[in-house]
Amino acid sequence: MAELKYLTGFGNEFATEDPRCPGALPEGQNNPQVCPYGLYAEQLSGSAFTCPRPANKRSWLYRILPSVRHKPFAPVEQGALTHNWDEAEPEPNQLRWLPFTVPKPNEKKIDFVTGLHTLCGAGDAKSRNGLAIHVYTCNTSMIDRCFNNSDGDFLIVPQLGVLLITTEFGKMMVEPNETCVVQQGMRFSVEVFGETRGYILEVFGAHFELPDLGPIGANGLANPRDFLVPTAWYEDRKVPSGYTVINKYQGKMFAAQQDFSPFNVVAWHGNYTPYKYNLTNFMVINSVEFDHADPSIFTVLTAKSTRPGVAIADFVIFPPRWGVANNTFRPPYYHRNCMSEFMGLIKGHYEAKAEGFQPGGGSLHSIMTPHGPDADCFEKASQADLKPERVADGTMAFMFESSFSMAVTKWGLDTSSKTQQEKPEDHG
């Protein structure tokens with residue numbers, strides 16, 4: 001396919017139209033009596049109308065048919081996707097997952113939606129406050145199916161395989177070492193090109209935003225100019241056999257039928273969009289003399305709570321960087337935290353657990369559960385010659401950190417062949 005084009009910026013006011021229909025965007029107003037090309041004007045609101053202007057999120061879509069043209073939603077099988085945080089007993093121990101198994105295509109065809117599995121979470125989609133952490137494992141593309149999350153935003157982190165994501169706003173190609181966000185209410189379909197695996201952070205009641213920089217200044221961490229937003233693309237396609245719109249609503253799965261593709265938006269404008277980001281563009285801040293700065297300096301995106309400085313969830317990465325601190329134990333320090341920490345590994349070897357923590361797996365350190373480097377890492381780092389050195393070259397680890405006390409789902413605990421409690425002797 002032709003190389004995809006993107007708009008640049010984070011939270012900007014964008015405007016785009018498919019070049020096949022020049023002039024599709026109305027001039028000077030949002031909702032004219034008759035839209036160009038006979039299109040329908042439809043607003044997608046990501047915030048209350050009366051939110052302060054900096055927090056007000058909405059886009060206007062100009063489409064061939066309105067999205068209201070569908071048959072009623074009906075419940076469908078939801079597999080291992082859940083928001084039931086009481087289905088298993090609380091588990092305060094450190095947990096680690098081996099790489100999540102991707103089904104072979106010749107065994108069973110699994111697309112992005114049927115391959116969703118919930119690991120842990122907390123809070124409530126009904127009261128619009130909380131989060132869920134999922135993994136996806138799939139081997140086939142979504143055909144005449146799209147997904148709509150009415151509960152919250154999906155931050156998707158591919159680990160194995162490329163995702164071609166078609167949205168109402170256009171297309172995004174998302175590769176390992178990139179991330180993308182599809183915000184609440186946006187319909188999308190996922191095409192894959194083989195065995196595919198990754199992680200998802202879902203937040204209820206807040207949208208992701210860039211962290212405040214404070215004394216860092218105007219530049220640094222994830223710079224706004226490096227975020228990419230799709231340009232308008234549409235298909236005018238009838239589907240007489242039925243197109244399925246899957247809707248996650250209050251943690252349950254529903255499906256409705258319609259006879260046309262939902263990706264029929266010819267033009268759009270606004271600031272409520274899907275977007276993607278290449279993690280290699282992150283401008284790393286680090287200690288240059290002694291001791292550690294806290295890992296919050298590696299925050300890419302945050303979903304803020306109502307308490308200042310406290311997040312529903314942060315997306316944090318541990319990218320390649322220089323380590324130069326003097327008289328300092330350079331790996332991550334031993335820690336007990338008032339936050340929950342889920343870690344994943346996209347590629348390479350995580351510096352604090354070089355052997356036991358594998359790409360495509362994960363770990364969960366619950367609130368106030370002790371964690372830190374394993375014994376081998378501790379011994380090596382305690383005796384290391386502290387010369388300037390590259391840290392984590394060829395590696396990209398990340399963390400979903402939350403102020404919520406997360407519960408592990410029954411599926412997460414039942415994957416016993418893939419889950420192991422970290423051993424006390426693994427710690428120095």
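Summary table below
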read-out	value
Search result, residues across the range 306-333 that are buried (at least 18 other Cβ atoms within 10 Å of the Cβ) and under 30 Å from Asp124 (Cβ atoms)	Ala311, Ile312, Ala313, Asp314, Phe315, Val316, Ile317
Hits in the range 138-174 - residues which are open to solvent by less than 10 Å² (accessible area, probe 1.4 Å), touching a Pro at 6+ places or on another chain (Cβ under 7 Å) and closer than 30 Å to Phe318 by Cβ	Pro158, Thr167, Met172, Val174
Looking only at the range 334-348, and only at residues there that are surrounded by fewer than 18 Cβ atoms within 10 Å (Cβ to Cβ) and touching an Asp or Glu at 6+ places or on another chain (Cβ under 9 Å), the one that is nearest to Ser403 (Cα to Cα)	Asn337
Subset of the range 32-66 (residues that are closer than 26 Å to Arg20 by Cα, open to solvent by 70 Å² or more (accessible area, probe 1.4 Å) and under 25 Å from the mean Cα position of the chain (by Cα))	Gln43
Failed item, numbered, when Lys353 is tested on (1) at pLDDT 95 or above; (2) not in a strand (DSSP E or B)	(1)
The range 358-390, residues that are open to solvent by less than 20 Å² (accessible area, probe 1.4 Å), farther than 25 Å from Ile312 by Cβ and touching a residue at least 60 places away in the same chain (Cβ under 8 Å)	Gly360
Residue, nearest to Pro388 (Cα to Cα), within the range 302-353, restricted to residues that are touching a residue at least 40 places away in the same chain (Cβ under 8 Å) and of a type in the set (Val, Ile, Thr)	Val324
Cross-chain or 6+ apart pairs with Cβ under 7 Å, the range 277-301 first and open to solvent by less than 50 Å² (accessible area, probe 1.4 Å) and at pLDDT below 95, then part of a helix (DSSP H, G or I) and aliphatic (A, V, I, L, M)	Ile285/Ile216; Ile285/Ile297
Answer residue from the range 356-391, given it is assigned to a strand (DSSP E or B) and under 20 Å from Ile297 (Cα atoms) and is farthest from the chain's Cα centre (by Cα) among those	Glu389
Residues within the range 245-265 that are open to solvent by 50 Å² or more (accessible area, probe 1.4 Å) and of a type outside the set (Phe, Trp, Tyr), tallied	4
Residue that is surrounded by the fewest Cβ atoms within 10 Å (Cβ to Cβ), among those in the range 205-221 that are free of Cβ contacts under 8 Å to residues at least 60 places away in the same chain and on the phi < 0 side of the Ramachandran plot	Pro215
Scope the range 392-414; condition under 10 Å from Ala122 (Cβ atoms) and either part of a loop (DSSP other than H, G, I, E, B) or open to solvent by less than 20 Å² (accessible area, probe 1.4 Å) (or both); matching residues	Ser402, Ser403, Phe404, Ser405, Met406
Residue ranges of strands (runs of 3 or more DSSP E) in the range 67-170 with at least 1 members over 23 Å from Gln250 (Cβ atoms) and either more than 20 Å from the chain's Cα centre (by Cα) or outside the structural domain of Gly185 (by TED's automatic domain parsing) (or both)	95-97
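The values are calculated or read from the model by the stated rules, or taken from the named source; none is laboratory data. This is a predicted model, so every value here is computed, not measured. Note that we place each Cβ from the backbone using ideal geometry, even for glycine, and neighbour counts take in every protein chain shown. The accessibility values were calculated without ligands, DNA or RNA, using every heavy atom of the protein model including side chains. Shrake-Rupley method; radii C 1.70, N 1.55, O 1.52, S 1.80 Å.
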